[in-house]
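Here is the structure we will look at.
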Amino acid sequence: MVSEVTQPLRTLSTVSWLAAAAFIGVLGGLAAAREMQTLLIAGIAGIAFAAIVARRFEVGVFALLLTLPLDIYGRIISNPIPLTAFQVVLVATLVAWALRILTDARHWVRISAMDLGVLALVFAAFISATFSVAPGDTLYAAVRVVFLWLFMLLVENGIREEKQLEQYFGVLIATAVFFGLFGFAQQYVPGFDFGSTHQNLALDGSVNLSRAAGLFEDPNMFAGYLSACFAAAFAFAVHAQNRTRMLVLLGATAAIGIGLVVTFSRTGWVGAAVGAVVVALTAPKGRRGRIIGGGLALVLAVMLLAPGQVAERAASIFDTERDLSNITRYGMYVSTVDMIEDDWVIGTGLAAFEQVYPEYRQPGTILSVRKPHQLPVAFWAEMGVFGLAAEILLIAALGALFWPRRGRPWTVFEAASLAGLLTLLAGTFFQYYLYFEYLWLFVALCVVSSRLARMKLKGAE
């Protein structure tokens, strides 16, 4: 009996050390050939981390939350392809998870309807490579989608208990609080020059707006991250069982919100507003009226007290006549619809949109902007009817995920997950979030929260 138990562990240990030796050898060769000491150091750190997650892969699931916000500052190498700390942690955790599945008969892979919907997207991506105007770019993008799908599966299978899910949200929100204050410091603390900022230029070339971007390359991506976490933190505050916890969570929500404001991202602001509405609709019945009243008072206070730049930026959300960014987004939407009309069956190929777009570009739009900004229509434009079918399946799967819960109160986890997801989905109408890991993280959290709520309900019966 003892040998039956220890044999898989011996096998696991042998495989782990062989993999580690091979990995170190490859990294050493790359470092010597390319003089990349940074890569070698990162590789050694990766091996140390792999040894930890090999024993308990759930550690890796949590570590992903700490590497995700690093974005370009977590980049280890840029050529020939970008390699980030998040990707290293993801691969190490996926390997540890695979070994767990192979060596532990009690551990199985859970698949949800959402996972099948994303799998349909994976197939659509690879099918589009057959007809793509840029097959190499499409295949690379399809592989990225595969890893996003695996990331989802990893989170869904790594969090199996309500306590784990609560801790996971705790790390997510705490990290967002840090980066919310980080963004504020970028904007208003003299001499704080860490991270990235983006300068909006006027027509004469002068800087008319400085925008915090955290450690992200694009302030809109930073805002997407903060807006989803803002909605999640707000949901936890609304569902808090005592006043102290509520005040702490409202403070966390405010800190994240401050960082969101200084991104000056209208996409992030609109998304956060959608998330706040979802939080109000999923709140305990006795608190919905107070949330709506408080929300209206907050909006009024912001309108009266906000600095002029914030008010002007908010007022420009619907300006499609003078705001060049809005003009470009609207023009790109028109161009995308035209592309669909001309090739609605097979599309351009995933990640090949920008190769075709110049032929359809509308007058007056920014010449340097060539990548799609509206994900819902870009699915169809890039992957044809297969992309459209995958999109419909994803929407149907999301509906099927929460439909069974009708008639009962929302759990805090369901409310926070759905609010964060719909925040980002609202942003997809203005930003191309397909490769934005936080979108798929909140999809996975929706799956986990819904699954645990059903399990708890069955246990109560």
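The values are calculated or read from the model by the stated rules, or taken from the named source; none is laboratory data. No experiment lies behind these values; they were computed from the predicted model shown. Please note: Cβ atoms are built from the backbone with ideal geometry, for glycine as well, and neighbour counts cover all protein chains shown. The protein model used for the area step is the full one, side chains on, heavy atoms only, and it has no ligands, DNA or RNA in it. Shrake-Rupley method; radii C 1.70, N 1.55, O 1.52, S 1.80 Å.
Ignoring ligands, DNA and RNA, what percent of the 1.4 Å accessible area of the range 145-242 is carbon and sulfur?
Values: 2370 of 3870 Å².
On the range 145-242, the fraction of accessible area on carbon and sulfur atoms equals 61 percent.
Could you please state, rounded to a whole Å, how far the C-alpha centre of the range 214-269 is from the C-alpha centre of the range 413-461?
One Cα centre to the other: 16 Å.
Of the heavy-atom accessible surface of the range 70-141 (probe 1.4 angstrom), what whole percent is carbon and sulfur? Each step should come with its number before you reach the end.
Details: 2490 of 3610 Å².
Carbon plus sulfur share of accessible area: 69 percent.
Using 0.36 nm times the number of residues separating residue 319 and residue 408, minus their current alpha carbon distance, what extension gain do you get?
Roughly 27.9 nm would be gained on extension.
When a/c reaches 1.5 or more, the comparison of a/b and b/c decides; with that in mind, is the range 297-433 rounded, prolate or oblate per its Cα gyration tensor?
oblate
For the pair residue 181/residue 337, report the inter-label distance in nm, with labels modelled 7 Å from Cα in the Cβ direction.
4.7 nm
For residue 217, enumerate residues with amide H under 5 Å from its amide H, sequence gap 5+ or separate chain, H modeled in the peptide plane.
Hits under the 5 Å cutoff: 72.
How would 137, 104, 342 rank on accessible area, largest to smallest, probe 1.4 Å?
342, 137, 104
Tell me, what HN-Hα J-couplings in whole Hz come from the Karplus equation 6.51 cos²θ - 1.76 cosθ + 1.60 at θ = phi - 60° for each residue of the range 189-195, using x for Gly and Pro?
8, x, x, 7, 10, 7, x
What list of ³J(HN,Hα) values in whole Hz, one per residue of the range 381-389 in order, does the Karplus curve 6.51 cos²θ - 1.76 cosθ + 1.60 (θ = phi - 60°) give from phi, with Gly and Pro shown as x?
Couplings: 4, 8, 10, x, 5, 5, x, 4, 4 Hz.
Residue by residue through the range 252-258, which ³J(HN,Hα) values in whole Hz follow from phi under the Karplus form 6.51 cos²θ - 1.76 cosθ + 1.60 (θ = phi - 60°), with glycine and proline marked x?
4, 4, 5, 4, 5, x, 4
Mind ranking 332, 221 by accessible surface for me, highest first, 1.4 Å probe?
Listed by decreasing accessible area, they come as 221, 332.
To make sure I understand the rule: partners must be lysines, Cα under 27 Å from the Cα of residue 456, and not fewer than 8 residues away in the same chain. Which ones qualify?
Those lysines meeting the cut-off are 163, 285.
What figure, in Å² to the nearest 10, do you get for the accessible area of residue 62 with a 1.4 Å probe and non-protein molecules left out?
Accessible area of residue 62: about 50 Å².
According to the square roots a ≥ b ≥ c of the eigenvalues of the Cα gyration tensor, what is the shape class of the range 131-235, taking rounded for a/c under 1.5, prolate for a/b larger than b/c otherwise, and oblate for the remainder?
oblate
Provide the solvent-accessible area of residue 123, counting protein heavy atoms only and rolling a 1.4 Å probe, rounded to the nearest 10 Å².
Taking all protein chains as shown, residue 123 has close to 120 Å².
Around residue 84, what is the net charge, scoring Lys/Arg as +1 and Asp/Glu as -1 over all other residues with Cβ under 13 Å from its Cβ?
Local charge sum for residue 84: -1.
Given an 8 Å cut-off on Cα distances and at least 6 residues of separation, report the relative contact order of the range 61-107 as a percent. Mind dumping the intermediate values first?
Working: 27 pairs, mean separation 13.4, N = 47.
The normalised contact order for the range 61-107 reaches 29 percent.
In whole percent, what relative contact order does the range 95-185 give with Cα contacts below 8 Å and a gap of six or more residues?
Contact order relative to length: 24 percent.
Check residue 84: other-chain or 5+ apart residues with amide H under 5 Å from its amide H, H built from backbone geometry?
When sequence neighbours closer than 5 places are left aside, the close amide H contacts are 76.
What is the percent carbon and sulfur in the accessible area of the range 354-461, measuring with a 1.4 Å probe over the protein chains and ignoring ligands?
66 percent
Hey, if you put +1 on the Cβ of every Lys and Arg and -1 on every Asp and Glu Cβ in the range 364-461, which of 373, 420, 404 ends up farthest toward the positive end of that dipole?
The one lying farthest along the dipole's positive direction is 404.
Tell me which residues come under 5 Å, amide H to amide H, from residue 209 once H is placed; ignore anything under 5 positions away on its chain.
200
Solvent-accessible area per residue for the range 80-201 at a 1.4 Å probe radius, Å²?
For the range 80-201, the per-residue accessible area is 47 Å².
When the chain is fully extended, how far beyond the present Cα-Cα distance does residue 59 get from residue 146, taking 0.36 nm per residue of separation?
Result: 29.1 nm gained on full extension.
Please compute the length gained on full extension between residue 104 and residue 455, using 0.36 nm multiplied by the number of residues separating them and subtracting their Cα-Cα distance.
Contour length minus Cα-Cα distance gives 124.1 nm.
Estimate the FRET efficiency between residue 285 and residue 163 by the formula 1/(1 + (r/R0)^6), using the beta-carbon distance for r and 41 Å for R0, to the nearest 0.05.
0.95
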